[in-house]
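Some notes on the structure that comes next.
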Amino acid sequence: MGSDTRTATRSGPGFEPTDWIGWMDARLFALCAVSTVIVVLGGLVQVSFGAYSMSVVEAWHAVFDPAVLSNPDVILALLLGGELPELENATLIVWNIRLPRVLVAILVGATLAVSGAIFQAVTRNELASPYILGVSSGAGLAVILTLVVFGSLAYMLPVIAALGGLTAFLAVYAIAWKGGTSPVRLVLAGVIVATVLNSLQTGLFFFADDLGVVKAAISWTTGSLTGTDWEQVRIAIVPALLSLAVAVLASRQLNVLLLGERTAASLGMNVELVRFLLATVGVIAAAAAVAVAGLVGFVGLIVPHVVRNTVGSNYTRLIVGCVFVGPALMVAADVGARLALSPVQLPVGIVTGLVGGPYFLYLMRKKHELGDL
Amino acid sequence: MRLRDRLPGRTSESAESDTEPSNAGATTESGADAGADTDPDLGELTTEDVVLSYPNSGPIVDGESIAIPAGEVTALVGPNGSGKSTILKALANQLTPDDGQVLLDGRQVADRTSKELAQELGLLSQENTAPGTLTVEDLVYHGRYPHRGFLESVDEADHAAVERAFDLVGIHDLRDREVGSLSGGQKQLAWLALVLAQEPNVLLLDEPTTYLDLHHQLRVMDVIRTLNAEDGVTVAVVHHDITQAVRFADYLIALEDGAVYDWGPPEDVVTEQLLAEVFGVDAAVEFDQGEPSVVPRRALD
């Protein structure tokens, strides 16, 4: 019997480290299921409540309005921004205003969480977030520069923010590079670049004489989903899905990188190249989020820890978990941001900070080895 | 007294015909894709006049030529700072020589892609880090990294190599344990299994037993001997403990200040004079019917 059991566990649903189907285990499944429920419930609340109020049942009907769902043209028109046919009011509000905001929240949550997980492995630093290599300060400076100095370019803000973040990331890498680089060098270079850019950013506020501009800038640097619609979905969806797919496929590289640079190299990994490519994937994911939502904090730092606490540090499971838990946190936080002080909408970054901080504290008190990658 | 005449180059007293330089040239072609089966003729590592240094340091090793004969267990011994680990790094292509070259089966290690090299050459360090929640099985499967493409999933060869690694090291019982829950000795055995799953022709070990208790020290060295005997894998091990190195190695390379002091079978190399001159130790050395014993008595000034 003993040997039979052994064979059974080997070939059964037990985890084979490299099987593409085998990575799903009970805990990961439960985590993904709970997250999906939270996203659905949060999404339902988001589409039901607001200035135009409707009951949950009405909202539910609107979401599943056959006029939209059975008509690919309408979905395409929404997604690509074309002419919409005549629709019921409820359907129009749900599909045109409220649902895209939920979709953006899902995209932002997933990309930030996965990006954070990648950077925690690349820098071998449990406090790493998507912004550790200068993305936030670069994007922030670019945004404020645009709002304060080049006001006429404000319509290109998402692109400018993403480009600012990418530029800062490349600058960090260039500074850290000296015949190769290391996690510590990268993190230090990130701190250097962030310090300089943040000073410039704060300095620029003095030149803003319009309170509206300052508010817009603060809303960007805290992260906000106010006013997002299909336009934002269009901006973020391609880089988001691409970077998420690559991250899942590259999870084995992340696992090997976690064994340390020396081991990775002796196993035949081109460590510098792989590290740079992985960091680039992480930055693209973060840039997609920053472009549509600004600098939402805490999600990228906390979600990987929450997932790691449940499924362990295998990156195949970790990344998949992040793809589900990130949206759950983001959608739930946005419910608070949009409805808590209605009609005033808060930047969602304030809520993620308020929810994330205490949760992190709870984890820290409860677990001894919280940071263990 | 430096016994330069016995240095690689080399005189026939080693009686190992398969380590003749002519052979190394002949195997160059097949060296690149030797694959899983270890050819006993493959796996000769040599350095030619290598100059090795670290950033911000003078040369640690200044123009040395050494040879790790194919299919044998060679130990690099010497006091701290004698350059033995530095040479091992160069052999593993983790340190680029300032001058000279490192050859594996007649071809420069630097000419291979990192994956090609990792298919032929495995390296085990003294200390390794892994996420604590990683299971031993997952860890060992990472040894298949050089044999797998970016999107390739595990195939039969991978399963077989991992099973064989578990067999050789004898740690089937640790398979589902998390790395973080293992003792230092168990950890090192798990890492040894990872390197074996790599199926290298050449195995380099950098002080693999330094922090282990006696039981695990002997287990590690036994596994290495078995691997060498059964698969003909070439082994080069940096060893701080000369009494153990003498027992396990076919050849010793004794280093002093980054230069080769002596080279050859243990009974020729390990003398009371070597221990005094290289290690600064007054010791009694005896070879009783091939059973070597080194008994250190006191440190010399």
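The values are calculated or read from the model by the stated rules, or taken from the named source; none is laboratory data. It should be emphasised that the depicted structure is a prediction, and the values quoted were computed from it without experimental measurement. For neighbour counting, all protein chains shown are included, and Cβ atoms are generated from backbone atoms with ideal geometry for every residue, glycine included. Accessible surface areas use protein heavy atoms only, side chains included; no ligands, DNA or RNA. Shrake-Rupley method; radii C 1.70, N 1.55, O 1.52, S 1.80 Å.
Take the conditions among the basic types (Lys, Arg), touching a residue at least 40 places away in the same chain (Cβ under 8 Å) and part of a helix (DSSP H, G or I) and apply them to residue A:275. Does it pass?
yes
Being within 20 Å of residue A:158 (Cβ to Cβ), among the β-branched types (Val, Ile, Thr) and part of a helix (DSSP H, G or I) is the filter here, so list the residues in region A:291-339 that pass it.
A:292, A:299
Can you pull out the residues in region B:120-129 that are more than 7 Å from chain A (Cβ to nearest Cβ) and open to solvent by 10 Å² or more (accessible area, probe 1.4 Å)?
B:126, B:127
Restricting to region B:152-190, count the residues that are outside any helix (DSSP H, G or I) and open to solvent by 60 Å² or more (accessible area, probe 1.4 Å).
5
Scan region A:149-166 for residues that are more than 14 Å from residue A:221 (Cβ to Cβ) and surrounded by fewer than 20 Cβ atoms within 10 Å (Cβ to Cβ) and report the count.
Of the residues in that region, 10 qualify.
Residues are listed down the side, and each one gets a yes or a no for (1) within 30 Å of residue A:253 (Cβ to Cβ); (2) outside any helix (DSSP H, G or I); (3) modelled with pLDDT of 85 or more:
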| site | (1), (2), (3) |
| --- | --- |
| B:8 | no, yes, no |
| B:39 | no, yes, no |
| B:43 | yes, yes, no |
| B:51 | no, yes, yes |
| B:70 | no, yes, yes |
| B:86 | yes, no, yes |
| B:100 | no, yes, yes |
| B:116 | yes, no, yes |
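Select from region A:201-232 the residues that are part of a loop (DSSP other than H, G, I, E, B), open to solvent by 40 Å² or more (accessible area, probe 1.4 Å) and over 12 Å from residue A:144 (Cβ atoms) and list them in ascending order.
A:209, A:210, A:226, A:227, A:229
Identify the residue in region A:40-53 that is part of a loop (DSSP other than H, G, I, E, B) and hydrophobic (A, V, I, L, M, F, W, C) and, among all such residues, is most open to solvent (accessible area, probe 1.4 Å).
Ranking the qualifying residues of region A:40-53, first place goes to A:51.
If residue A:33 satisfies all but one of (1) in a helix (DSSP H, G or I); (2) open to solvent by 30 Å² or more (accessible area, probe 1.4 Å); (3) modelled with pLDDT under 85, what's the number of the condition it fails?
Here residue A:33 meets the rest and fails (3).
How do the pairs read when you match residues in region B:88-106 that are farther than 22 Å from residue B:207 by Cβ and within 14 Å of chain A (Cβ to nearest Cβ) with residues anywhere that are open to solvent by 30 Å² or more (accessible area, probe 1.4 Å) and in a loop (DSSP other than H, G, I, E, B), using Cβ under 7 Å and keeping only pairs 6 or more apart or on different chains?
That search, which allows pairs on different chains as well, returns nothing.
Can you spot a residue in region A:177-185 that is in a helix (DSSP H, G or I), surrounded by 20 or more Cβ atoms within 10 Å (Cβ to Cβ) and in contact (Cβ under 8 Å) with a residue 24 or more places away in the chain?
Within region A:177-185 (the criterion being in a helix (DSSP H, G or I), surrounded by 20 or more Cβ atoms within 10 Å (Cβ to Cβ) and in contact (Cβ under 8 Å) with a residue 24 or more places away in the chain), the answer is no, since none of the residues qualifies.
For a quick check of your reading of the model, give me the residue pairs whose first member lies in region B:223-252 and is at negative phi, whose second is at pLDDT 90 or above and among the acidic types (Asp, Glu), with beta-carbon atoms closer than 6 Å and at least 6 apart or on different chains.
Between residues of region B:223-252 that are at negative phi and residues that are at pLDDT 90 or above and among the acidic types (Asp, Glu), the close pairs are B:238/B:206; B:250/B:72; B:251/B:72.
Would you confirm whether or not region B:71-84 contains a residue that is facing another protein chain (nearest Cβ under 8 Å) and under 15 Å from the mean Cα position of the chain (by Cα)?
No, the conditions are met nowhere in region B:71-84.
May I ask you to say which residue of A:130, A:183 is out of contact with any Phe, Trp or Tyr (no Cβ under 8 Å at 6 or more places or on another chain) and closer than 23 Å to residue A:313 by Cα?
Among A:130, A:183, only A:183 is out of contact with any Phe, Trp or Tyr (no Cβ under 8 Å at 6 or more places or on another chain) and closer than 23 Å to residue A:313 by Cα.
Please go through (1) open to solvent by 10 Å² or more (accessible area, probe 1.4 Å); (2) more than 24 Å from residue B:145 (Cα to Cα); (3) within 14 Å of chain B (Cβ to nearest Cβ) for residue A:305 and return the number of the only condition it doesn't satisfy.
Every listed condition holds for residue A:305 apart from (1).
Does residue A:249 qualify as being under 28 Å from residue A:319 (Cβ atoms), within 14 Å of chain B (Cβ to nearest Cβ) and in contact with a Pro (Cβ under 8 Å, 6 or more places away or on another chain)?
No; evaluated as a whole, the condition is false for this residue.
Just checking, does region A:133-148 include any residue being closer than 19 Å to residue A:237 by Cβ, open to solvent by 10 Å² or more (accessible area, probe 1.4 Å) and either assigned to a helix (DSSP H, G or I) or charged (D, E, K, R) (or both)?
no
Going by the structure shown, is residue B:132 assigned to a helix (DSSP H, G or I), free of Cβ contacts under 8 Å to residues at least 60 places away in the same chain and surrounded by fewer than 18 Cβ atoms within 10 Å (Cβ to Cβ)?
no
Can you report the number of residues in region A:42-53 which are farther than 12 Å from residue A:92 by Cα and in contact (Cβ under 8 Å) with a residue 24 or more places away in the chain?
7
Among residues belonging to region A:54-108 that are in contact (Cβ under 8 Å) with a residue 24 or more places away in the chain and not in a helix (DSSP H, G or I), point out the one that is most open to solvent (accessible area, probe 1.4 Å).
It comes out as A:88.
Any residue that is among the small types (Gly, Ala, Ser) and within 14 Å of chain B (Cβ to nearest Cβ) - is there at least one of those in region A:195-203?
no
So which residues in region A:109-132 are more than 19 Å from residue A:252 (Cα to Cα), open to solvent by less than 10 Å² (accessible area, probe 1.4 Å) and at pLDDT below 90?
A:128, A:130, listed by residue number.
Does region B:148-170 contain any residue that is in contact (Cβ under 8 Å) with a residue 40 or more places away in the chain, in contact with a helix residue (DSSP H, G or I) (Cβ under 8 Å, 6 or more places away or on another chain) and either among the hydroxyl-bearing types (Ser, Thr, Tyr) or facing another protein chain (nearest Cβ under 8 Å) (or both)?
The answer is no; no qualifying residue exists.
Whether any residue in region A:216-225 is within 14 Å of another protein chain (Cβ to nearest Cβ) and under 23 Å from residue A:108 (Cα atoms) is what I want to check.
no
Restricting attention to region A:252-282, and to residues there that are open to solvent by 10 Å² or more (accessible area, probe 1.4 Å) and either hydroxyl-bearing (Ser, Thr, Tyr) or farther than 19 Å from residue A:177 by Cα (or both), which single residue is nearest to the other protein chains (Cβ to nearest Cβ)?
If we take residues in region A:252-282 being open to solvent by 10 Å² or more (accessible area, probe 1.4 Å) and either hydroxyl-bearing (Ser, Thr, Tyr) or farther than 19 Å from residue A:177 by Cα (or both), then A:266 is nearest to the other protein chains (Cβ to nearest Cβ).
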